[in-house]
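Some notes on the structure that comes next.
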Amino acid sequence: MKDCKVEALVYYSKLTFDWEYILKKSKEEIQEKLDEYTAQGYRLASTTSTSFEFAIYIYLFFEKETVQ
């Protein structure tokens, strides 16, 4: 049996000359989430993302095997 978790991250665009702003910001936070869940025994199973107006939504799906 698998224990599954979903982590949703939201990033809003802002007026800046740094066109990689969201990429840089999201990369740091996603790595933090990966480290956090890996330490708990989870592995990243899947990802997806979508955008709506001025926001980007990133979903991280984690799973780990549970002992019955």
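What follows is calculated from the coordinates using simple rules that are stated; it is not laboratory data. The structure presented is a predicted model; accordingly, all values stated were derived computationally and were not measured. Cβ sites come from the backbone with ideal geometry, for glycine too, and all protein chains shown count toward neighbours.
The amide H of Y42, built 1.01 Å from its N in the peptide plane, has no neighbour under 5 Å, considering only residues 5 or more places off or on other chains. Determine the sum of side-chain charges near K64: Lys and Arg each +1, Asp and Glu each -1, restricted to other residues whose C-beta is under 10 angstrom from that of K64. Summing Lys/Arg as +1 and Asp/Glu as -1 gives 0.
For F61 and L23, the difference between the fully extended length at 0.36 nm per residue and the C-alpha to C-alpha distance is 11.7 nm.
Extension gain, S46-K33: 0.36 nm per intervening residue step, less the Cα-Cα distance, totals 3.3 nm. Over the Cα atoms of the chain, each weighted equally, I'd like the Debye log10 I(q)/I(0) at q = 0.28 Å⁻¹, rounded to two decimals. Values, matching the q order: -1.24.
Rounded to the nearest 20, the Cβ-based charge dipole of the chain about its Cα centre (Lys and Arg +1, Asp and Glu -1) stands at 80 debye. Taking the chain as the region of interest, the number of lysine pairs whose Cα atoms are within less than 26 Å, with members eight or more places apart or on different chains, is 15.
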